[in-house]
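The structure under discussion appears below in the form of structure tokens.
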Amino acid sequence: MPIVRALLVLCFATAAFAQEPAWPTKPVRWLVPFAPGGPADVVTRIMAAGLQERTGQPNVVENQAGASGNIAHAAASKAAPDGYTVVFVVPSVITNPLYMRAALDPFRDLAPVIHLDNASMVLIAHPSFPPATTAEVLAFIKANPGKVNCGASGALPSVGCELLRAHAGADLQMVMYKGNAPALNALMGGEINLLFDVVNIAVGHVKSGRVRAIASTAPRRGIGPLGDLPVMAEAIPGFELVTWHGVMVAPGTPRAVVLRLNRELAAVLQMPEVRQRLENSGLQITGGPPEDFAALLRRDFDKYAAALRAAGVKPE
């Protein structure tokens, strides 16, 4: 009987090994929907370096900025479904379809791999803008319809501006930029009044006095840099904008490859130097299986779609 048991164990082990995909056997290509040097690009390069270290295969990062991320998203969607082309995604992958009728369908045209991290946002203002609290901002917009402007670049910053307009019940001018970096420069230059930005990007400018922080969009106080700020939900119940980073691949990628990629990236997230770099940037590491990321995508899509419908926003 011991011999039989040993043979059974060997058979099961051999079968499990046979099911493990021979991935990767060549370089992995990372697509970033933004220009080099931004926060998404930095996180991508950290993850790519970690994956290269774990697998021994080169990881090549390509920046394909433009069309609010749709260029990189479309390229990833059309890539061979073999796990060798991955795309780094942020909420624009699900909010773009809410603004643009012809945008890629994230649930049909891409497949989720892993949710990497979360980061709250912060509502910041030019120092000369009078209101100091969320309630004062809403009252000021209502008292000055059409005279207050809010910078946006698609994705969650645009959603934030639209929600402010809806809750103020008065016209708020939304000024579009090609990215939050130029929008932030415009805010510091006094061209616009308000901007929703990722907290780890805004914190240095807040501390220098170039911009003034009004409130965090986190679900509660005490999260990440500027955790002592009041949160938007204290003045506007349910107001929460939490951005995130994730990885997706072409639809039809074999599940075994998706799971292998998920497992490897989850291990990269646990590397001490990777954890330190991400957490020092104000990012809350998440991880989890592909199904968790799929649920997050659907939840946020439905949440922001409902919020934008209530604000009267229609796709262009």
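The values are calculated or read from the model by the stated rules, or taken from the named source; none is laboratory data. Everything numeric in this text was worked out from a predicted model, so none of it was measured. Heads up, the Cβs are rebuilt from the backbone with ideal geometry, glycines too, and the neighbour counts pull from every protein chain shown. The accessibility values were calculated without ligands, DNA or RNA, using every heavy atom of the protein model including side chains. Shrake-Rupley method; radii C 1.70, N 1.55, O 1.52, S 1.80 Å.
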Scan region 149-169 residue by residue and report those that are under 17 Å from residue 191 (Cα atoms) and at pLDDT 90 or above.
-> 149, 150, 151, 161
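Check region 79-90 and report whether any residue there is in a loop (DSSP other than H, G, I, E, B) and farther than 22 Å from residue 256 by Cβ.
The first filter runs over region 79-90 and keeps only residues in a loop (DSSP other than H, G, I, E, B), leaving 79-84, 90.
Adding the requirement that they be farther than 22 Å from residue 256 by Cβ leaves 90.
For region 79-90, residues in a loop (DSSP other than H, G, I, E, B) and farther than 22 Å from residue 256 by Cβ: present.
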Residue 78 fails exactly one of (1) open to solvent by less than 60 Å² (accessible area, probe 1.4 Å); (2) farther than 30 Å from residue 272 by Cα, namely (1)
Out of all the residues in region 173-189, is one or more without any contact (Cβ under 8 Å) to a residue 24 or more places away in the chain and assigned to a loop (DSSP other than H, G, I, E, B)?
-> yes
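Being surrounded by fewer than 24 Cβ atoms within 10 Å (Cβ to Cβ) and not in a loop (DSSP other than H, G, I, E, B) is the filter; apply it to region 117-134 and report the residue that is modelled with the lowest pLDDT. Step through it out loud before you land on a result.
Filtering region 117-134 down to residues surrounded by fewer than 24 Cβ atoms within 10 Å (Cβ to Cβ) leaves 117-118, 125-134.
Keeping just the survivors that are not in a loop (DSSP other than H, G, I, E, B) gives 117-118, 125, 134.
Details: 117: 96, 118: 91, 125: 98, 134: 97.
That would be 118.
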Of all residues in region 249-294, which are modelled with pLDDT under 95 and either surrounded by 20 or more Cβ atoms within 10 Å (Cβ to Cβ) or assigned to a loop (DSSP other than H, G, I, E, B) (or both)?
-> 278, 281, 282, 283
Residue in region 229-248 that is open to solvent by less than 30 Å² (accessible area, probe 1.4 Å), assigned to a helix (DSSP H, G or I) and in contact with a strand residue (DSSP E or B) (Cβ under 6 Å, 6 or more places away or on another chain) present | yes
Only residues in region 139-150 that are part of a helix (DSSP H, G or I) count as the first member; pair them with residues that are surrounded by 18 or more Cβ atoms within 10 Å (Cβ to Cβ) and of a type in the set (Val, Ile, Thr), Cβ under 8 angstrom, at least 6 apart or cross-chain, and list the lot.
-> 140/148; 141/148
